[in-house]
Amino acid sequence: MATDRPASPLESDSTPSLGDDNRSTHSSSGSKRTQSITSSVYDYQFKDGRRYHAYEPGLYMLPNDDTEQDRLDLQHHIFRLSIDGPLHIAPIPKDYAGHVLDIGTGTGIWAMEFADDHPASTVLGVDLSPIQPDFVPANCSFRVDNIESDWIADEKFDFIHSRAMVGGIKSWPNLFSQAHAHLKPGGIIEVQDVYFPTVCNDPSQTSTSVFVAYNNLLLEATKRVGLDFQATTKWKTQLEAAGFVDVHTRWVNWPVGPWAKHKKNKIIGKFTYADFTGGLTMTRPFFQNVLGKSKEDVDELFEKVKVELEEQKIHLFQKVCFCWARKPRVDGEVVGGQEAEKGENERGEEKVVPKEEENV
Ligand SMILES: C[S@@+](CC[C@H](N)C(=O)[O-])C[C@H]1O[C@@H](n2cnc3c(N)ncnc32)[C@H](O)[C@@H]1O
């Protein structure tokens, strides 16, 4: 059942510390990867010291090197922590025996953990980059492909998952429409992502925050290349338009840095701080190549952003959306769940209603 409730400001802690315990790793068990891939997908592109995907080069603007993979795995833990551990909010039982697709699987961490948690399922992770490990659970495999091209005609899934893909998907309506066509009746889709721009806990600081200004410029740049970093607020409408029913949406807040009270907020804050500061320089192409700013101007902007984040005087948080929906079990099934959701997820970019996580 949907659980949105209006956001209230997070409570600030008077003694925040950034510390250095903000990194984590994952491990997987099991057998060798099952998918064979041609060597051309390893002909990576290199620019300004970063490594980029080779399959349909240029399609995705962020790197795929070790630094980025570490950031993705860190982000994986933030997503999990912020909903108290699970990999999804959709009602998927432990003994789930479905065929699962993970769209834009990245390092494959979600796909591998889902496969481990649900040994009766089979999980396929698809990505432009073959950056997943060689040794993965026996029920997990990976494929290199562009998820926005036509999907394999007769391939059907029970559960489709997509996380942190606003930087990759150009048309969410098309994606949802393909997902609907490739889900079995009653099948589930879940999408999770952050909403931009980042928010000041004290709204009066919005106009002075360099990080908010940086976010707004990034929004403008991504819009120019056909991406929508505010897609989360449109998902419900788009999912329903694609034929899904029972759309459930839940918002959580990620503090940026350890400024918010309570243990869970502090851990998420430290991880989010590492995520954003670590990911800062890789957004350079959006500022220089897309917005046409000089290297010097971008250096200056990044420096100011780093100082603001490090100082922790402006308390920032990121709104994050978790959304799942179901393909009707039979043709013409009446939409359900709307009564329960009434008023919970107002749409429209000006009306994001994040749910503040309960403090622990
Ligand atoms: C920010 S990462 C998210 C990775 C993963 N979903 C996670 O949450 O850990 C985005 C991933 O999507 C992949 N990607 C972007 N556009 C894609 C496309 N059109 N088809 C397949 N993968 C894509 C990128 O290569 C990258 O690995």
For this session: Would you calculate the separation in nanometres between label points at Ile152 and Val330, each defined as 7 Å from the Cα along the Cα-to-beta-carbon direction?
Result: 3.2
Exercise. What trypsin sites (Lys or Arg not before Pro) does the range 43-96 have in DSSP loop regions with at most 15 other beta carbons within 10 Å?
Worked result: Lys94
Exercise. Of all DSSP beta bridges in the range 39-337, what percent run antiparallel (nearest 5)?
Worked result: 55
Exercise. If you add up the charges near Leu87, with Lys and Arg at +1 and Asp and Glu at -1, over every other residue whose beta carbon is less than 13 angstrom from its beta carbon, what do you get?
Worked result: -3
For this session: Rank these for me by crowding, Val100, Val126, going from fewest to most other beta carbons within 10 Å.
Result: Val126, Val100
For this session: Could you please rank His262, His161, placing first whichever residue has the fewest other Cβ atoms within 10 Å of its Cβ?
Result: His262, His161
Problem set entry | the range 39-337 - Rg (one decimal) and Dmax (whole number), Cα, Å | 19.3, 58
Problem set entry | Ranking of Thr237, Thr272, Thr38, Thr277 by count of other Cβ atoms within 10 Å, fewest first | Thr38, Thr237, Thr277, Thr272
Seminar exercise, completed: Sorted by chain and number, the residues with a modelled amide H under 5 Å from that of Val256, at a separation of 5 or more or across chains, are Leu316, Phe317, Gln318
Exercise. Using 7 Å Cα-to-Cβ label points, what is the Glu296/Asp117 separation (nm, one decimal)?
Worked result: 5.1
For this session: Of the listed pairs Lys170/Lys295; Lys270/Lys327; Lys170/Lys313; Lys234/Lys295; Lys270/Lys293, which have alpha-carbon separations greater than 32 Å here?
Result: Lys270/Lys327; Lys170/Lys313; Lys234/Lys295
Seminar exercise, completed: Which residues qualify? For Val123, with a placed amide H closer than 5 Å and at least 5 residues away or on another chain, they are Val100, Cys140, Ser141
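Quick note: the coordinates plus some simple rules give every number you see, no bench work behind them. If you're wondering where the values come from, they're calculated on a predicted model, not measured in any experiment. Here the Cβ is made from the backbone with ideal geometry for all residues, glycine too, and neighbour counts use every protein chain on show.
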